[in-house]
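The values are calculated or read from the model by the stated rules, or taken from the named source; none is laboratory data. The structure presented is a predicted model; accordingly, all values stated were derived computationally and were not measured. Cβ: placed from backbone, ideal geometry, glycine included. Neighbour counts: every protein chain shown.
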Amino acid sequence: VDPVVQGKTRAEQFYRGDKTGDKAMSILLHGDAAFAGQGVVYETFHLSDLPAYTTHGTIHIICNNQIGFTTDPRMARSSPYCTDVARVVNAPIFHVNADDVDSVLHVAKVAAEWRCTFKKDVVIDLVCYRRHGHNETDEPMFTQPFMYKKIHQQQHVLKKWVDKLISEGTIKQEWYEAEEDKYQKILDDAFANSKSPAYAKDKNWLDSPWKGFFTGKGPFPYPQTGVSEETLKNIGVKAHELPEGFSLHRGLKRVFENRAKMLGEREVDWALGESMAIGSVLLDGHHVRLSGQDVERGTFSHRHHVLHDQDKDLVFHVPMNYLHPTQGHYTICNSS
Ligand SMILES: Cc1ncc(C[n+]2csc(CCOP(=O)(O)OP(=O)(O)O)c2C)c(N)n1
């Protein structure tokens, strides 16, 4: 889910006009085995500082229970730490004993401050343990008997911390018990409610329709998506206009001339059709984002939506952003 979260965050930032990541940010929660073992983690790190992909810093929290289902770290990765993959972007990595709650709180604050100050990724490695099996049917004593004998002797982290807070006079035993009762009640109520299928189905699941969801929406008529020939032609012309003094590559001039000829003869090739399709959505005022490897030119050199001035370094032109003053913004960006 890492890139999905980043994409949603990026979209959130775009629509809020948040160019610095001050209004939206992502926090990613990982398992230790997954963090080291899944390629998507590495890929997401490499997108993290690309101008068109950055979300201006993510806080990564690794729930490092030192086991991946039944597999020990030594059999799951070749690097000393599960977090070593984050070193490719020089992210600071805080390894913290999750049994020491004060230290965890301190590290969390420092990580948040880092992200807010430098707008870069930061990693918290919560070194902890898994008290029970991977799931309800898993028996860890089959595979990690020594580890689990030790874990069974460990006092619960909550008990340890509460004892400390009470002994130093920060909280009172009665206050803690009242808080614990409140929390237990939330769990008990949820458990009781879970026995009623109607409750679980209609209220708890995010994919269930909420009140008024279908009101005024049925029976899902197909919207009119057709566009007049005049509009398409207009997009076809505008999508190839250049600013004054822009030096276009010779070969592209020929391509553009050919497209103009096609327009005159009521013909379209793939590239022209694509521009018309995207352009018509832009003219409706929608933001369009086309992202990925080599999308600006097109892998097979058909698109050319970002034009490079042949005489001036770093001068680009994206004609699709100049179709009409009230159009939506067109974002087109290459990636790794
Ligand atoms: C791509 C993929 N490979 C393997 C699995 C099987 N699998 C499920 S959970 C798990 C271990 C995950 O360990 P970790 O990332 O440390 O998270 P934890 O469950 O310990 O919190 C594995 C290997 C999977 N779900 N997906």
Out of 70, 20, report the one residue that is surrounded by fewer than 16 Cβ atoms within 10 Å (Cβ to Cβ), away from the ligand (no atom under 16 Å from the Cβ), in contact (Cβ under 8 Å) with a residue 60 or more places away in the chain and not charged (D, E, K, R). 20
Looking at (1) hydrophobic (A, V, I, L, M, F, W, C); (2) over 30 Å from residue 163 (Cβ atoms); (3) within 16 Å of the ligand (Cβ to nearest atom), which is the one condition that is false for residue 88? (3)
If I ask for residues that are without any contact (Cβ under 8 Å) to a residue 24 or more places away in the chain and in contact with a strand residue (DSSP E or B) (Cβ under 7 Å, 6 or more places away or on another chain), which ones from segment 115-136 would you list? none
Would you point out the residue of segment 242-294, among those that are of a type in the set (Ser, Thr, Tyr) and out of contact with any strand residue (DSSP E or B) (no Cβ under 8 Å at 6 or more places or on another chain), that is surrounded by the fewest Cβ atoms within 10 Å (Cβ to Cβ)? 247
Confirm whether residue 176 is touching a Leu at 6+ places or on another chain (Cβ under 9 Å) and of a type outside the set (Asp, Glu). yes
All but one of (1) in a helix (DSSP H, G or I); (2) without any contact (Cβ under 8 Å) to a residue 24 or more places away in the chain; (3) not acidic (Asp, Glu) hold for residue 78; state the number of the condition that does not hold. (1)
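Conditions (1) away from the ligand (no atom under 13 Å from the Cβ); (2) assigned to a loop (DSSP other than H, G, I, E, B), marked per residue:
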{"residue": "34", "(1), (2)": "no, no"}
{"residue": "45", "(1), (2)": "yes, no"}
{"residue": "51", "(1), (2)": "yes, yes"}
{"residue": "62", "(1), (2)": "no, no"}
{"residue": "95", "(1), (2)": "yes, no"}
{"residue": "103", "(1), (2)": "yes, no"}
{"residue": "106", "(1), (2)": "yes, no"}
{"residue": "110", "(1), (2)": "yes, no"}
Residue among 246, 256 that is under 19 Å from residue 298 (Cα atoms) and either touching a Gly at 6+ places or on another chain (Cβ under 8 Å) or modelled with pLDDT of 75 or more (or both): 256
Please work out which residue is surrounded by the most Cβ atoms within 10 Å (Cβ to Cβ), limiting yourself to segment 112-145 and to residues that are away from the ligand (no atom under 16 Å from the Cβ) and in a loop (DSSP other than H, G, I, E, B). 121
